[in-house]
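To start, the structure under review is shown below, and the notes come after it.
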Amino acid sequence: MNTFSHSLSLSQQDVGQTLTYALGGCTSIFKIDNNGQLSVKASNSINYEAIASYACQVTVTDNGSPALSSTVAVTVNINDVNGVFVWLSRICVWVLQR
């Protein structure tokens with residue numbers, strides 16, 4: 001089983017602004033959508049025996065003037081429990097302030 005989905009939490013100070021999420025460091029395995037939902041790409045298979053954790057960076061940017069952004073390191077740990085189970089070792093919270 002290679003399913004995983006996790007919503008990243010964000011605290012946004014300016015109401016009505018659009019946020020853009022970008023993923024780095026692990027884009028061959030994972031993807032992030034416009035709502036901050038991190039998930040495994042459909043074509044990928046996660047194998048605990050091959051790689052036990054993935055180091056990623058998530059950057060969120062608002063559309064303010066000037067635009068503000070914040071980047072956080074996210075580690076996705078793979079556990080070998082009755083198949084594949086994925087656990088985020090850090091819950092991410094960003095605060096964009098002017």
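Taking the stated definitions as given, is Ala22 closer than 17 Å to Ile78 by Cβ, outside any loop (DSSP other than H, G, I, E, B) and modelled with pLDDT of 85 or more? Spelling it out, it is not the case that Ala22 is closer than 17 Å to Ile78 by Cβ, outside any loop (DSSP other than H, G, I, E, B) and modelled with pLDDT of 85 or more.
Okay, residues lined up against (1) closer than 17 Å to Thr18 by Cβ; (2) surrounded by 11 or more Cβ atoms within 10 Å (Cβ to Cβ); (3) at pLDDT below 85; (4) in contact with a helix residue (DSSP H, G or I) (Cβ under 9 Å, 6 or more places away or on another chain):
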position: Asn63; (1), (2), (3), (4): yes, yes, no, no
position: Ser69; (1), (2), (3), (4): yes, yes, no, no
position: Thr75; (1), (2), (3), (4): no, yes, no, no
position: Val84; (1), (2), (3), (4): no, yes, yes, no
position: Ser89; (1), (2), (3), (4): no, no, yes, no
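The set of residues in the range 39-69 that are in contact (Cβ under 8 Å) with a residue 40 or more places away in the chain and in a strand (DSSP E or B) comprises Val40, Val58, Val60, Thr61, Asp62.
The values are calculated or read from the model by the stated rules, or taken from the named source; none is laboratory data. Small disclaimer: the values here were computed from a predicted structure and weren't measured. Glycine gets a Cβ as well: all are built from the backbone with ideal geometry, and neighbour counts include every protein chain shown.
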